[in-house]
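The values are calculated or read from the model by the stated rules, or taken from the named source; none is laboratory data. Quick caveat, the model's predicted, so the values are computed rather than measured. Here the Cβ is made from the backbone with ideal geometry for all residues, glycine too, and neighbour counts use every protein chain on show. Note: accessible area is taken over every heavy atom of the protein model, side chains too, but ligands, DNA and RNA are not part of it. Shrake-Rupley method; radii C 1.70, N 1.55, O 1.52, S 1.80 Å.
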Amino acid sequence: MTTTSSEPLSSNYFASYTSASSLHNFARRHSIYGTEDRVVLDVGSLYIKCGFSGESHPRHIIPTWTRLQSSRTSNGEAHCVDGPMIELYDLDLMAKGNLKQLEEKLKKLLHDIYFRLLLTDPKSRKVILCESPLAPVVLKQTIAKILFDYFQVPSISFVPIHLMALLTTGMTKGLVVDCGHLETNILPLYDMRPLLPYVTTTPLAGRSLGLRLRALLLGHGRYIPPSTLHLSLAPQNPVPVALLTSDLLEDMKTRVLFCSPVKMPHEEEDRLVEYKNLSIATDLYYPIALPDGGKANLWIPGWVRERAAEVLFEGDEDEPSVVYTILDCLLKLQPDLRKHMVGSLLIIGGTSLLPGFHARLKQELLQIMKAPTESERKRYSSLLQLWESVKFIESPEESGRVFMNNVRGWIGGSLMGSLKLSGEEMSREKFAGQVMDWSIGNWNSEAET
């Protein structure tokens, strides 16, 4: 474990990741604290992953809309739903977010994590916080304020989750695609340095997938109320809007959806007809529990299961598809880096766990590079010759999966802590209410003074 420098936090914190130093040059030091293992946190909009450094997977993945309470049965403690499923924060948190409510929610969640799940004293363990470079700065400030003022942690190391994910592969360069819930962001890394000026993002991610699934079920799904008849003979009604809660849609995304291996034309008038006629998926009866204790079913057409994820591969100028976002990121890079990046694609994030996601993404990339439309040829002409270099660092369809995509970033943070690697840390004594803003590349004036 590293010790905190006695020097004031310098304005070149950003440079420690991007220019003068790299992960290779980080020094190993002995800790002045009695416990070596650090607490590793990955705070997402829907889930918080927590555990200790040196472990191969998070000890707990906590939904942000739940709380812990003692069970009255012999099973001990369990997660109990604390209201409907909602995001912990949104991307417009700085403009429209309720910071007081966010702070209270985070206090409860972190209290449960430290004292009921990890069973450790926060005052004796440093924290590694895996974060997205584009996460709202006010969110990072709130987390730091709670950890320092409320839990009295010794120090916090903010580390880019893309860098941590690449660390688990043993490679020093790659293009990391993080397909999460609120957005998909893409960050190139070279020699273990995040090239932050070239980060690209699109709002097409897990939340967009949920909205598309909801719309398709309302238009084409059927609700089968409790009945003694066989499901094929029971009466079928339109799906009630109130039935499609966020919890139900999230469960459906993880259980029944997959990415189709076949690309279809995106013309609006032909899309649904092609989807229905060429679907390879079977229809499904999805059981649901009603509030009164009854059991009903939803009939989900096979083509809805197969094509709901098409929203990730469609897009426009305002919300580009995941494929176009990758290509736009490559366009920003210097020409001599593009081949290295496109040959080292790493996909992380919970939404990328959809079966067939990697294969479909590769097919879309090759389709554009080998047979582009006129507009694509004009826009991506400098990338078309790279089609032979497209390769994933890890693809479940080809080489299998070593780490799950949704926890790979956390595992990298655990590995970083176990190797006693560290960049500059923010200590409790030096915290003045401000944290690193990756978008401008330096500390705010309050933190520099």
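Answer yes or no: is there a residue in the stretch 187-201 that is under 26 Å from ALA308 (Cβ atoms), in contact with an Asp or Glu (Cβ under 8 Å, 6 or more places away or on another chain) and surrounded by 20 or more Cβ atoms within 10 Å (Cβ to Cβ).
Yes, the stretch 187-201 has at least one match.
Would you mind stating whether TYR285 is part of a helix (DSSP H, G or I), among the aromatic types (Phe, Trp, Tyr) and more than 26 Å from ILE161 (Cβ to Cβ)? Don't jump to the end; show me each part of the working.
On the way: part of a helix (DSSP H, G or I): no; among the aromatic types (Phe, Trp, Tyr): yes; more than 26 Å from ILE161 (Cβ to Cβ): yes.
So TYR285 fails the test.
Let's see how each residue does on (1) modelled with pLDDT under 95; (2) more than 30 Å from PHE52 (Cβ to Cβ); (3) out of contact with any helix residue (DSSP H, G or I) (no Cβ under 8 Å at 6 or more places or on another chain):
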{"position": "ILE156", "(1), (2), (3)": "yes, no, no"}
{"position": "LEU163", "(1), (2), (3)": "yes, no, no"}
{"position": "GLY170", "(1), (2), (3)": "yes, no, yes"}
{"position": "MET192", "(1), (2), (3)": "yes, no, no"}
{"position": "LEU195", "(1), (2), (3)": "yes, yes, no"}
{"position": "LEU216", "(1), (2), (3)": "yes, yes, no"}
{"position": "HIS220", "(1), (2), (3)": "yes, yes, no"}
{"position": "LEU229", "(1), (2), (3)": "yes, yes, yes"}
{"position": "SER232", "(1), (2), (3)": "yes, yes, yes"}
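Given the options ILE280, ILE347, ILE326, name the one that is on the phi < 0 side of the Ramachandran plot, open to solvent by less than 60 Å² (accessible area, probe 1.4 Å) and not in a helix (DSSP H, G or I).
Values: ILE280 fails: open to solvent by less than 60 Å² (accessible area, probe 1.4 Å); ILE326 fails: not in a helix (DSSP H, G or I).
When all the criteria are applied, what remains is ILE347.
Can you tell me how many residues within the stretch 121-160 are touching a Gly at 6+ places or on another chain (Cβ under 9 Å), of a type in the set (S, T, N, Q) and in a strand (DSSP E or B)?
1
Just to be sure, is LYS108 of a type in the set (Lys, Arg), open to solvent by 10 Å² or more (accessible area, probe 1.4 Å) and either modelled with pLDDT of 90 or more or in a helix (DSSP H, G or I) (or both)?
yes
Looking only at the stretch 382-410, filter to residues that are of a type in the set (A, V, I, L, M) and modelled with pLDDT of 90 or more; which one of those is farthest from LEU365 (Cα to Cα)? Talk me through it step by step, then tell me what you get.
As a first pass, look at the stretch 382-410 and keep what is of a type in the set (A, V, I, L, M): 383-384, 386, 390, 393, 402, 404, 407.
Imposing the further condition that a residue be modelled with pLDDT of 90 or more reduces the set to 383-384, 386, 390, 393, 404, 407.
Numbers: LEU383: 10, LEU384: 10, LEU386: 10, VAL390: 8, ILE393: 15, MET404: 23, VAL407: 25 Å.
Only one residue fits best here, namely VAL407.
Is the stretch 258-268 home to any residue that is out of contact with any Pro (no Cβ under 8 Å at 6 or more places or on another chain) and modelled with pLDDT of 90 or more?
No, there is no match, as no residue in the stretch 258-268 is out of contact with any Pro (no Cβ under 8 Å at 6 or more places or on another chain) and modelled with pLDDT of 90 or more.
Within the stretch 84-129, can you find the residues that are under 20 Å from ARG207 (Cα atoms) and in contact (Cβ under 8 Å) with a residue 60 or more places away in the chain?
PRO84, MET85, ILE86, GLU87, ASP90, LEU91
Test each condition in (1) surrounded by 19 or more Cβ atoms within 10 Å (Cβ to Cβ); (2) touching a Phe, Trp or Tyr at 6+ places or on another chain (Cβ under 8 Å); (3) within 30 Å of ILE128 (Cα to Cα) for MET369 and report the one that comes out false.
(3)
Tell me, yes or no, whether the stretch 171-187 has at least one residue that is acidic (Asp, Glu), out of contact with any Gly (no Cβ under 7 Å at 6 or more places or on another chain) and closer than 17 Å to LEU41 by Cβ.
From the stretch 171-187, those acidic (Asp, Glu) are 178, 183; that's our starting set.
From the residues that got through so far, the ones that are out of contact with any Gly (no Cβ under 7 Å at 6 or more places or on another chain) too are 183.
Narrowing further to those that are closer than 17 Å to LEU41 by Cβ: none.
No, because not a single residue in the stretch 171-187 is acidic (Asp, Glu), out of contact with any Gly (no Cβ under 7 Å at 6 or more places or on another chain) and closer than 17 Å to LEU41 by Cβ.
Being of a type in the set (A, V, I, L, M, F, W, C), at pLDDT below 90 and open to solvent by 50 Å² or more (accessible area, probe 1.4 Å) is the filter here; which residues of the stretch 411-426 pass it?
LEU419
Residues of the stretch 306-323 being among the acidic types (Asp, Glu) and either part of a loop (DSSP other than H, G, I, E, B) or more than 15 Å from ALA359 (Cβ to Cβ) (or both), which ones?
Of the residues in the stretch 306-323, the ones among the acidic types (Asp, Glu) are 306, 310, 314, 316-319.
Correct list: GLU314, ASP316, GLU317, ASP318, GLU319.
Which ranges mark the helices (runs of 4 or more DSSP H) fully within the stretch 353-426 that have 3 or more residues being not assigned by the TED database to the domain that holds ILE61?
Because the criterion is at least 3 residues that are not assigned by the TED database to the domain that holds ILE61, the helices (runs of 4 or more DSSP H) in the stretch 353-426 that meet it are 357-370, 374-379.
Looking at SER375 and the list (1) of a type in the set (Gly, Ala, Ser); (2) open to solvent by 50 Å² or more (accessible area, probe 1.4 Å); (3) within 17 Å of the chain's Cα centre (by Cα), which single condition is not satisfied?
(3)
Taking the residues in the stretch 269-309 that are of a type in the set (Lys, Arg) and over 21 Å from ARG207 (Cβ atoms) as candidates, determine which candidate is modelled with the lowest pLDDT.
Here the residue is ARG271.
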